[in-house]
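A.B. asks: Structure in structure tokens, see below.
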């Protein structure tokens, strides 16, 4: 069994009268990509910043690679990489200078290959203020991973990035994971979290309301599975046909679309009907509820489960 690299136990963070994080607990195994999800104000950034040693917890305990972020911040900094939701560098520094400086701090060789990979090599001698917002975020990402950290914290890493750069970042994250890096990913992009995360925790009003693999989370709740069917002779077009577990049926672009709470009986009945009508099945697609569907269901209810 993999060791826990990150341990959060009964963690609380309070700002005045506001309880931002209310006694949450979770752990993250070595080499996991762990998604931290939630609406604005749910407590994601407070949790990340406390794990990074930027804020002190008001209750509970935190450990990152066995280190207390508050008591041993200098020791922690050599083991983690951080890309903050909003960060800035001196206006006059260039990507080339920033890479040399950050790598010197971690006693590793400059990673100019990362500047090239993230589309910054042509801007390596431009000053920071001359870079676009997207280029500044790409530079922050390059600096965060340049020393091959044991733990990588990413807070909305792809916000404002173009499609190609997002894909490159995802590939880079997978490579780091393969090499044993543990990644904490806070994002509003549910498709990104579902694609990349081994497990996710959903925060709502400072509490964890659901935790598990994306598959486990999407399998719960009231989400319905979408079944799209196209046949040669449109034998399903009759609106009076009913199938088990189907709560809604509509027709669109030569497809009959069913929303089912139990796909097994539904699909079996659909296929049996097509065969009884001596029709030919051309296409059948089954789409599970997405992580975004489940997230919206949880946050809309506003109930801690």
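Read the figures in this text as sums done on the coordinates, not as results from a lab. Everything numeric here is computed off the predicted structure, so don't read it as measured data. Because the Cβ atoms are built from the backbone with ideal geometry, glycine has one as well, and the counts that use them run over all protein chains shown.
A.B. asks: Please arrange 145, 267, 70 by how many other C-beta atoms lie within 10 Å of their C-beta, fewest to most.
C.D. replies: 70, 267, 145
A.B. asks: Moving on to the next point. Hey, got the Cα dimensions of the stretch 225-288 along the principal axes, in Å, largest first?
C.D. replies: That gives 27, 23, 20 Å along the principal axes, largest extent first.
A.B. asks: Before rounding to the nearest 500, sum -39500 (n - 2.57) across all DSSP H runs of length at least 4 in the chain and divide by the residue total; then give [θ] at 222 nm in deg cm²/dmol.
C.D. replies: Value at 222 nm, helices only, nearest 500: -9000 deg cm²/dmol.
A.B. asks: Same structure again: Listing 132, 46 from the residue with the fewest other Cβ atoms within 10 Å to the one with the most, what is the order?
C.D. replies: So the residues, fewest neighbours to most, are 132, 46.
A.B. asks: Please report 237, 259, 11 as a ranked list, fewest other C-beta atoms within 10 angstrom at the top and most at the bottom.
C.D. replies: 237, 259, 11
A.B. asks: Another one. Debye calculation, C-alpha points only, no solvent: report log10 I(q)/I(0) for the chain at q = 0.13, 0.14, 0.16 Å⁻¹, in the same order as the q values.
C.D. replies: Summing over Cα pairs of the chain leads to -0.94, -1.02, -1.21.
A.B. asks: Between residue 234 and residue 279, with labels modelled 7 Å along Cα→Cβ, what's the label distance in nm to one decimal, could you check?
C.D. replies: Result for the modelled spin labels: 1.0 nm.
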